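Q: Sharing a structure with you now.
Coordinate-derived values only; no laboratory data. These numbers come from a predicted model, not from an experiment. Because the Cβ atoms are built from the backbone with ideal geometry, glycine has one as well, and the counts that use them run over all protein chains shown.
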Amino acid sequence: MKVMTETLALATRGHTDVIDLTSQVDEKLKETLLKNGTVTLNVCGSTAALTTVEFEPGLVKDIKEFVEKLIPSHKDYHHDATWGDSNGYAHLRSSLFGTTLTLPFSEGKLVLGQWQQVVFIDFDNRPRNRRLVMQFMGE
């Protein structure tokens, strides 16, 4: 069993910016030369998230509308009073979705459904430079 850790730098626009990471994760997997195992992805931050969806324009809009209805961005949050950064909603959205995602890979390819992609969502209220850590474990 080998463990390999890679990082990916992301420049985001914030404001529920949804980014398809599938090809970047796939490329890093190919570089490891591992054939079978799992990859754990982790966002280094508490206002972004990872998930899998069908990455297409309609669903991207649906995600943005869904999180705005569920956790509105123009509401006062206790976190905002503590730090004055007006992004309490982003922290809540991140905790709802989660910052870590584990996926299997087989024969050197991510095991995903036909219409399933790996996506990163930046909920913060401004553009950010993000770091994604990918830990590949396998043989």
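Q: Taking the chain as a Gaussian network, Cα atoms linked when under 10 Å apart, which of 49, 90, 11 shows the biggest mean-square fluctuation?
A: Ranking 49, 90, 11 by mean-square fluctuation puts 11 first.
Q: Across the stretch 20-37, in residue order, what do the Karplus-derived ³J(HN,Hα) couplings come to in whole Hz, using 6.51 cos²θ - 1.76 cosθ + 1.60 with θ = phi - 60° and x for Gly and Pro?
A: 7, 9, 3, 5, 5, 5, 4, 5, 5, 4, 4, 5, 6, 6, 6, 9, 9, x
Q: I'd like the GluC sites (Glu not before Pro) in the stretch 1-72 restricted to DSSP loop residues with at most 15 other Cβ atoms within 10 Å, sorted by number.
A: 54
Q: Residue 130's amide H: which non-local residues (gap 5+, or another chain) put their own amide H closer than 5 Å, with H modeled 1.01 Å from N in plane and none for Pro or chain starts?
A: Correct list: 10, 11, 12.
Q: Roughly what angle does helix 57-70 make with the longest principal axis of the chain, taking Cα atoms, 0 to 90 degrees, to the nearest 10?
A: 50 degrees
Q: Please build a GNM for the chain, connecting alpha carbons under 10 Å apart, and tell me which residue among 34, 50, 59 fluctuates the most.
A: 59
Q: Taking the Cα centre of the chain as the origin, how large is its charge dipole in debye, to the nearest 20, when only Lys and Arg (+1) and Asp and Glu (-1) carry charge on their Cβ atoms?
A: Using Cβ point charges on Lys, Arg, Asp and Glu, the chain gives about 200 debye.
Q: Restricting attention to the alpha-carbon atoms of the chain, what are Rg (one decimal) and Dmax (integer), both in Å?
A: Expressed in Å, the Cα Rg and Dmax of the chain come to 15.9, 50.
Q: Another question, then. Around residue 7, under 14 Å between beta carbons, what's the net of Lys plus Arg minus Asp minus Glu among the other residues?
A: Combined, the nearby Lys, Arg, Asp and Glu give 0.
Q: Of 106, 60, 74, which is farthest towards the positive pole of the stretch 1-132's charge dipole, taken about the Cα centre with +1 and -1 on the beta-carbons of Lys, Arg and Asp, Glu respectively?
A: 106
Q: While we're here: Mind listing which chymotrypsin sites (Phe, Trp or Tyr not before Pro) in the stretch 44-139 are in a DSSP loop and have 15 or fewer other Cβ atoms within 10 Å?
A: Here the chymotrypsin sites (Phe, Trp or Tyr not before Pro) that fit, given the DSSP loop and packing criteria, are 115.
Q: Angle, helix 88-97 long axis vs. longest principal axis of the chain, Cα atoms, 0 to 90°, nearest 10?
A: 30 degrees
Q: Mean residue ellipticity at 222 nm from the helices of the chain, using -39,500 (n - 2.57) per DSSP H segment of n ≥ 4 over the full residue count, to the nearest 500 deg cm²/dmol?
A: Helix-only estimate at 222 nm: -8500 deg cm²/dmol.
Q: Okay, moving on. For the chain, modelled as a GNM with alpha-carbon contacts under 10 angstrom, which of 91, 79, 15 fluctuates the most?
A: Its mean-square fluctuation being the largest, the pick is 79.
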